[in-house]
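K.L.:
Take this structure, written in C-alpha cells, and hold onto it; I'll ask about it next.
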Amino acid sequence: MAKQIRTVGVIGLGTMGAGIVEVFARGGLTVIGVESTEEFADRGRGILTRSMDRAVSRGKLDEAGRQEILDRITVTTEMGDLAPADLVVEAVPEVLELKHEVFGRLDGIVAEDAVLASNTSSLSITAIAAPTKHPERVIGVHFFNPAPVMQLVEVIHTLRTDQAVTDAVRDLVTGLGKRPVVVGDRAGFVANYLLFGYLNSALTMVEHGHVSREDLDTAMRVGAGLPMGPLTLMDLVGLDVCHHIGDVIYGHSRSPLHAPSSMLERMVVSGRLGRKSGRGFYSYEGPGGRDVVADELTPGEDAESAGIRTVAVVGDGTVAGELVARVEGAGYAVTHLTDASGDLSGVAAADLVIEAQEEDSAAEDGAAGRDVDELFAALGEAARSGAVLATVNTYSAVALAAISGRAEDTVVLRVHAPTGNGQVIEVGTTHTTSAATVAALRGFIRGLDAEPVVSRDRTGLVVDALLMTYLNDAVRMLDEGYATVEDIDTAIQFGLGYPMGPFAMIDHIGADEVLAVTEELFSGTGGFAQHLMPSPLLVEHVLLDRPFTQGASDD
Ligand code: CAA
C-alpha cells in the first residue's frame, strides 16, 4: 500500500486547515479543500488569498508564483470530489464522533490505497482509526500553528498503522521542506505534552495574581528567549483549543501539572477565545486581528518612575564589581561599599541599595562579607527613609523585609543572562511592597537596558520556576519512553520555535544547575507537589556526569 502522494485532500478550512492547504500547494501538490458550507468555503478561500497576498506584498512571492499556487487548489463543499486523493487530512473540530463520521464517509469515496490522516492535536489516532474499514491506512499528521511557518510535523502511527504508510507520509513531509518526527500515539504526542505542562504552570501564576500578563510574557520571551510568551501563544492557538488539549492530556497523565485551569474555562465560556474572537488574555483590533490594542489591564504611565538616581552596591566580589560598572555605565551615581562589615554611612544618600556579596563570602571568617541578616538589619538603620533595599542573591524578600524593618521597600533582584531577545531582571516582591518601589525599580531596570519582570517572591520567581519545571518534565517524558532525546529536541525547536530543544538546553545550562533549582522548587512546596519532584533520570545524569545530547558529549 501507499503509492506516491500527488493529490491531497484537506477537510475543514479553518486556520489550521487553510494553512495545511497552503503548505501542500506550495509544495507542488494538487489540493482539494472541502468545507461543509459555501460560507465556510469562502472563509477558507479568504484565508488562503490573504496569506498569498501577504507573501506577495512582502516580496516573498511574485504574482505568477501566487497564481500558480492558487491554481493547484480547488475548494469545494462536496466530499465526493476527494475521490482522486492519495492522502486526505482532516482538520475538522475536535469531536471524536465527527472524525468517525468523516472517516466513515471517506472509506466509501477514496481508493483502497489512499492514506487517511488526522491533524488532531488532542484525540487519540487509535480511537479515530478503530471503527474505520482500514485502520492500517490511518495516521496522524499534526501541523503547528501557523502551519505555513512552523517546520515541525508530528507523524503519529498507531499499533495498526502500516509501516509503508508511515514511511510515505514521513517522506512527503520531508519533501515539503518540513521536519517530521515520527512518534507513537500518546496523549499530547510530543510537543503538546511538554507545552501544556508549561502553559498550565504559567496560567496558575497569573490566576494567583503573582505576576501580570505582560510581565509573564516578557519573562519567557525575553528572559528565556522563547519566540512568544505563554499568554500570547495561547491567544494565537485559541483558548478553546488550549482548554481542550489540556483536558485530554490531564485525562491521561492525572498530573497536577496538567490539571485544568478554572480561569481558562471561565474565559472560554465567556467567549474570550484569543485572537480569533478579538479578545483573550489580550485585546486585538478585531476578531482574527494580530495586533494587540490597549485595554483595562494595560499598565498605565505611572507603572514606571525615575525615582532612582543614586545607587549603593555592597560587596567586594566579581558580581558587585560588574554591577557597579553596569550601573555607572547607565549614568547613575554609584557608591561602592566593598567592606560590608565596615561603616555603612555611605549608603545614606542612595535611592537604592543592592547587596551583591559573593554568596559564600558572607559565611567565611575574615572575609569582607557579612552575614546577610546582620547586614540588612544595619542597612535598615543606615539607609534613608523610602530608599529601596535589594539583594541579587537568592535570599527571601520577606525575610529581608522583616529584618530590615522596611516592609514596603525590600525586594530581591534576579539578573538573568541575556538571550537572543534581550535581558530580563526579575524583581521579587512581598504583598507589602509599595507601588512606588515597584515603579522605581521598573524605571531603574529599563535604565540598565534590561526588561523588568515583577512577581511575588516565590521559589524560582517566574523564569526559573517555569523553565526548570519544563526541563524536568522533558526528562520525565524521556524516562517514560515517549520519544528519544533527538525527537523531543526537534519537536520543541521546530514545532514551537524555541532556540533549542530541552535537552540541548539542559546540557547548555548544566544538568546539575537544573537539578539544584528543581530540588529547590520541590522543597519549596514542602515536598507535596509530586509533579515538581526531580526526575530520577535527571539525578542519574548529574551523578554519572553524562550529557543528554550527542553534541555535548563531543565537546
Ligand atoms: N499565519 C501565517 N503566517 C504568519 C502568521 C500567521 N498567523 N504569523 C506570522 N506569520 C509569518 C509572517 O508572515 C512572516 O513570514 P515571512 O518571514 O515569510 O515574511 C513570519 O511568519 C514571521 O512573522 P513576524 O515577523 O510577523 O513575527 P515573528 O518573527 O514574531 O514570528 C511566529 C511569528 C512565527 C508566530 C513566532 O512568534 C513563533 O514561532 N511563535 C511560536 C509559535 C508556536 O509555538 N506555535 C505552535 C503552537 S502549538 C500548536 O500549534 C500545536 C497545537 O496542537 C495547538
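Every number in this text was worked out from the coordinates using simple rules, so none of it is lab data. Worth saying up front: this structure is predicted, and the values here are computed from it rather than measured. Cβ coordinates were reconstructed from backbone atoms using ideal geometry, including for glycine residues, and neighbour counts include every protein chain displayed.
K.L.:
Taking the Cβ of Leu532 as the center, what net charge do the other residues with Cβ under 13 Å away carry, scoring Lys and Arg +1 and Asp and Glu -1?
P.N.:
My count for the surroundings of Leu532 gives -2.
K.L.:
By the scheme Lys and Arg +1, Asp and Glu -1, what is the net charge of all other residues having a beta-carbon under 15 Å from that of His142?
P.N.:
Neighbourhood net charge equals 0.
K.L.:
Moving to a separate point now. Normalise the Cα radius of gyration of region 7-184 by 2.2 N^0.38 Å (N = residues in it) and let me know the number.
P.N.:
With N residues counted in region 7-184, Rg over 2.2 N^0.38 Å equals 0.97.
K.L.:
Quick one: Debye curve from the alpha-carbon atoms of region 463-544 only, equal weights, vacuum; give me log10 I(q)/I(0) at q = 0.21, 0.27 Å⁻¹ to two decimals.
P.N.:
-0.95, -1.39
K.L.:
Hey, can you rank 453-466, 35-48 by average C-beta count inside 10 Å, highest first?
P.N.:
453-466, 35-48
K.L.:
Continuing with the same structure: Using r as the Cβ-Cβ distance of Thr49 and Glu486, and R0 as 41 Å, what FRET efficiency do you calculate, to the nearest 0.05?
P.N.:
0.60
K.L.:
What Kirkwood Rh does region 98-243 have if only Cα atoms enter the pairwise 1/r average? Answer in Å.
P.N.:
16.9 Å
K.L.:
Using all Cα-Cα distances in region 16-101, what percent lands in each 5 angstrom bin from 0 up to the longest?
P.N.:
The percentages, shortest bin first, are 3, 14, 24, 25, 18, 10, 5, 2, 1.
K.L.:
What is the Cα centroid distance between region 221-261 and region 381-424, reported in whole angstrom?
P.N.:
The two parts, judged by their Cα centres, are 31 Å apart.
K.L.:
What value, in deg cm²/dmol to 500, does the helix sum -39500 (n - 2.57) over DSSP H runs of n ≥ 4 give at 222 nm once divided by the residues of the chain?
P.N.:
Value at 222 nm, helices only, nearest 500: -12500 deg cm²/dmol.
K.L.:
Using Cα pairs under 8 angstrom and six or more residues apart, how large is the relative contact order of the chain, in percent?
P.N.:
Over the chain, the number comes to 11 percent.
K.L.:
Now, a different point. On full extension of the chain, what length is gained from Ala127 through Val149, given 0.36 nm per residue of separation minus the C-alpha to C-alpha distance?
P.N.:
That works out to 5.0 nm of additional length.
K.L.:
Compute the separation of the alpha-carbon centres of region 480-549 and region 1-75 and state it in Å as a whole number.
P.N.:
Using only Cα atoms, the two centres lie 39 Å from each other.
K.L.:
What distance in nm lies between label points placed 7 Å from Cα along the C-beta direction at Arg384 and Asp371?
P.N.:
The answer from the label model is 3.1 nm.
K.L.:
Just subtract the alpha-carbon distance of Arg309 and Glu265 from 0.36 nm times their residue separation and send over the number in nm, one decimal.
P.N.:
11.3 nm
K.L.:
Using a cut-off of 12 Å between beta-carbons, work out the net charge of the residues near Gly321 (Lys and Arg +1, Asp and Glu -1, Gly321 not included).
P.N.:
Charge balance in the 12 Å sphere: -3.
K.L.:
Sorted by average packing, counted as other Cβ atoms within 10 angstrom per residue and highest first, what order do 266-275, 406-415, 329-338 take?
P.N.:
406-415, 266-275, 329-338
K.L.:
In addition: Just round it to a whole percent: the fraction of Cα-Cα distances in region 199-293 exceeding 17 Å.
P.N.:
Tail fraction, whole percent: 49.
K.L.:
Taking amide H positions as placed in the peptide plane 1.01 Å from N, state which residues far from Val334 in sequence (5 or more) or on other chains have amide H under 5 Å from it.
P.N.:
Under 5 Å from the amide H of Val334: Val311.
K.L.:
Quickly work out the Leu543-to-Glu408 label distance, labels modelled 7 Å from Cα along the C-beta direction, and quote it in nm with one decimal.
P.N.:
5.2 nm
K.L.:
Could you tally up the Lys pairs in the chain with alpha carbons closer than 26 Å? Skip any pair fewer than 8 positions apart unless they're on separate chains.
P.N.:
Lysine pairs satisfying the spacing and distance rule in the chain number 9.
K.L.:
Please compute the Kirkwood hydrodynamic radius over the chain, one decimal place, Å, based on all pairs of different Cα atoms.
P.N.:
Here the Kirkwood hydrodynamic radius works out to 25.8 Å.
K.L.:
What distance in nm lies between label points placed 7 Å from Cα along the C-beta direction at Ala330 and Arg160?
P.N.:
Between Ala330 and Arg160, the label points sit 6.2 nm apart.
K.L.:
For Leu98 and Arg6, compute 0.36 nm times the residue count separating them, minus their Cα-Cα distance, and round to one decimal in nm.
P.N.:
Extending this stretch completely gives an extra 30.5 nm.
K.L.:
Set the Förster radius R0 to 30 Å, insert the Cβ-Cβ distance between Asp449 and Val292 as r into 1/(1 + (r/R0)^6), and round the FRET efficiency to 0.05.
P.N.:
FRET efficiency, Asp449 to Val292: 0.80.
K.L.:
Among DSSP beta bridges lying fully in the chain, give the percent that are antiparallel, nearest 5.
P.N.:
In the chain, approximately 25 percent of DSSP beta bridges are antiparallel ones.
K.L.:
Let me ask you something else. I need the phi-derived Karplus couplings for region 230-242: 6.51 cos²θ - 1.76 cosθ + 1.60, θ = phi - 60°, integer Hz, Gly and Pro marked x.
P.N.:
Values per residue, Gly and Pro as x: x, 6, 4, 5, 5, 4, 5, 5, x, 5, 5, 5, 4 Hz.
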